[in-house]
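Note sheet for the following structure.
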Amino acid sequence: MNTQEFMVRAASVYTTSVLALLATGSLLAQDITFTNKTATFTSLDGRVFTNVTLVKANDYGIVWKGDGIGLIPYTKLSPEVLESLGIHQERVERAKMLEKRKAALDAQRRAATAAALQQDTVNKQLDQQARLEARAAEEKDAPRKAALAEITALEVQIKAAGDEVRHTAAA
């Protein structure tokens, strides 16, 4: 087999593998709809589900209804229960991967929120400090402003007295 034939076969095997993975992924991504199926089972944490109607199996778990409605993650069910409900292990592995991805995204969101809250706190503290400094500057400047106002009032009085003296001297 020459190099060109080898490359063609390798590309063919690779393409087939990728298509198989895509097909498996798209099959796993499709919901499984249960039709009039009731079940009784116990989750790994000991919760008993008695005569619940199974609605569907989505990417994360099984949607059920009974006294209420809920979703139980695949990761909280034993392999035996999953097998009895027709849920393949590949779907469970995909759910685990999606849970990890969701947990990572949630952690990033919480970290971003915490950083934004911390920045907001810092900004509020800086604003408070600026207001206190402005108030201190105003209080420090208050005696000078009062003295300036008094000087201005005295200047007005002096001018009025000068005008009165000139008016009296002219008369």
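With a point put 7 Å past each Cα toward its Cβ, work out how far residue 142 is from residue 65 in nm, to one decimal.
Between residue 142 and residue 65, the label points sit 7.0 nm apart.
If you count, for each residue, the other Cβ atoms within 10 Å and average over each peptide, how do 144-154, 31-41 line up from highest to lowest?
Numbers: 144-154: 10.0, 31-41: 12.5.
Averaged packing, sorted descending, gives the order 31-41, 144-154.
If you consider only alpha-carbon coordinates, what radius of gyration and Dmax does the range 75-154 have, in Å?
Both quantities, over Cα of the range 75-154: 31.8, 101 Å.
Using each residue's phi in the range 74-81, evaluate 6.51 cos²θ - 1.76 cosθ + 1.60 at θ = phi - 60° and report the 3J(HN,Hα) Karplus result to the nearest Hz, with x for Gly and Pro.
Per residue, the Karplus-derived 3J(HN,Hα) values read 4, 5, 9, 10, 6, x, 5, 5 Hz.
Give the lysines whose C-alpha is closer than 27 Å to that of residue 76, dropping any in the same chain fewer than 8 places away, or say none.
Partners within reach: 37, 56, 65, 96, 100, 102.
Along each principal axis of its Cα atoms, how long is the range 27-171 end to end? Whole angstroms, biggest number first, please.
Cα extents, longest axis first: 122, 30, 27 Å.
Here, each number is a calculation from the coordinates, and none is a lab measurement. None of these values were measured; they are calculated from a predicted model. FYI the Cβ positions are ideal-geometry reconstructions off the backbone, even for glycines, and counts take in every protein chain you see.
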